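Everything on this sheet refers to the single structure shown next.
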Amino acid sequence: MKFSFKLLLWTMVLLAAALGFSGFYFVNYVFETSLEREVGQALDENSILRFAFETAALNVPAQYGILPDGRVEEIASNLEAGGQNASRFIRISGEEWEVLYASDGFGADQELLHQMDETMKSYRIIRQNGHYYVQTGVMLPALNRILYMETMRDVTEVFNERAVGFSLYRRATLLILMAGTLIMYLISSWLTKPIRMLTKATKQMAEGDYAYRAVQVSRDELGQLTCDFNVMANALEENINKMEAEIQAREDFVAAFAHELKTPLTAIIGYADMLRSHKLDEEKSFMSANYIYTEGKRLETMSFRLLDIIVTKRGEVRLQRITADGVFAYLKEMFGNGTGMEFAYRYEDGPLWAEGNLIKTVLVNLIDNACKASEPGGRIEISGSRTEGGYRFRVRDYGVGIPEEEQHKITQAFYMVDKSRARSKNGAGLGLALCAEILKLHGSALEVESSPGTGTAIGFLLPDREAGKEEADGREEENGS
């Protein structure tokens, strides 16, 4: 059963119970109040009749020592005839409870008669011939006799009013329940609308539509739940997109890796088969062996770079204080003579926070890429400067450049802007991917400025560390020394 129907059902059950109990209490309260009033009037009437009977008995001639039965019947008949209430009945009984006088229609038994005493008035409610009466009784001392007087007052109208009250209340309750059902249905539908929207959203997402969001239709707790659900859905969609991107990247990586393996392996196998199956002269044998050696070195370089990337992704670095002068001294030694390129170094000395060998690896790869992108004898500028918040390195060449739409791909494994040019210079497209992973460990990233035909400038910023951390590391170095 739907939650809205449960809410509607239980509300109607509680409303019906409340109306039923309240209606019964109200009608019954009115009935009991009316009945008490009738009983009071009946008792008052009984007292009046008693007083009238006693007064009439005093007028009996003194010659009678005791009130005769005939006189009792006469007085009772006068009392009944003198009453204005046509629904009043009188019965007078003697000492032995024998009936001395009874009005026509007085058919009550003598149960109340047996309960009378001198100290109290007695009454009860009886039903006779489809009517309800208040029967009252009292002891009546009169002229040396003890008599018993009973009256019956018709109160059928009170009971009829109660029956009419219950009937009217049942009709009113039915109308209220019908109107309440309609109103509560609309209210429950409105209250549960956010739940229906969330249910629809979960079904859409379960079917693969991760971009679907639930509409927030209220500002209460359910509205907040909808907002939280959408936040969760955003995070879920983002994670799924990341996973899909990672899966696609892995597939692209495997495809690129297989492709990169295919070319050198084809060359190696072909030239090895030529050496194995043909007798070649010395020049061709050297050329074949050189191809095998060159492609083998390319495979070796590619495997080392892949290993470096894997290790870097899984590793952690311990940053230390090094100097820019030491880094640039290493670069000058690495790219001194025999490269056929023109190198220009411009830097400011100062402390850096980095893992020295890894940062040198980044700069060597950047300079190596600059050399591959430049013509022989081209100019390559390597600079370093202190800036606010850290130390910035920059490698600039004036080579072929990188199209703007390709720049975001350069850190992908095996990606090469010009594959033929890169392979001719023993490149595999892994250098910048390794650089990106190393810089990520240092809290930095590559910054690329390039345009085709004018060259490329790639740099990165090594952020400074907190002063407190610098002092702590400085003390560690002093203790170590």
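Give the peptides 139-148, 95-104, 236-245 in descending order of average Cβ contacts within 10 Å, highest first. Don't skip to the answer; put the middle values down first.
Details: 139-148: 16.6, 95-104: 13.0, 236-245: 11.4.
Packing proxy ranking, top to bottom: 139-148, 95-104, 236-245.
Which FRET efficiency, nearest 0.05, do K297 and I240 yield, Cβ-Cβ r, R0 51 Å?
Working: r = 42 Å, r/R0 = 0.82.
Rounded to the nearest 0.05, the efficiency is 0.75.
In nanometres, what is the gap between the two model label sites at I247 and E348, each 7 Å from Cα along Cα-to-Cβ?
It is 5.0 nm.
Hey, rough spin-label estimate for F51 and E32, points 7 angstrom out along Cα→Cβ, what's it come to in nanometres?
3.1
Can you give the FRET efficiency for T156 and F3, using 1/(1 + (r/R0)^6), R0 = 45 Å, r = Cβ-Cβ distance, to the nearest 0.05?
0.30
Within 10 Å, count the other beta carbons around each residue, average over each peptide in 162-173, 348-359, and list them highest first.
Going from most to least packed, we get 348-359, 162-173.
Give me the extension gain from A206 to F24: residue separation times 0.36 nm, minus the current Cα-Cα distance, reported in nm with one decimal.
Working: separation 182, 0.36 × 182 = 65.52 nm, distance 5.27 nm.
60.2 nm is the gain from fully extending A206 to F24.
Give the carbon-plus-sulfur fraction of the accessible surface of the range 160-249 in %, rounded to a whole number; probe 1.4 Å, heavy atoms of protein chains only.
Using a 1.4 Å probe with all protein chains present, the range 160-249 comes out at 65 percent carbon and sulfur.
Provide the gained length on full extension for the span E405 to N78, in nm with one decimal, where the gain is 0.36 nm per separating residue minus the Cα-Cα distance.
Fully extending the segment from E405 to N78 adds 105.2 nm.
Using a probe radius of 1.4 Å on heavy atoms only, what accessible surface per residue do you get for the range 139-248? Whole Å² is fine.
63
The values are calculated or read from the model by the stated rules, or taken from the named source; none is laboratory data. It should be emphasised that the depicted structure is a prediction, and the values quoted were computed from it without experimental measurement. Heads up, the Cβs are rebuilt from the backbone with ideal geometry, glycines too, and the neighbour counts pull from every protein chain shown. SASA here: full protein model, heavy atoms, side chains in, ligands and nucleic acids out. Shrake-Rupley method; radii C 1.70, N 1.55, O 1.52, S 1.80 Å.
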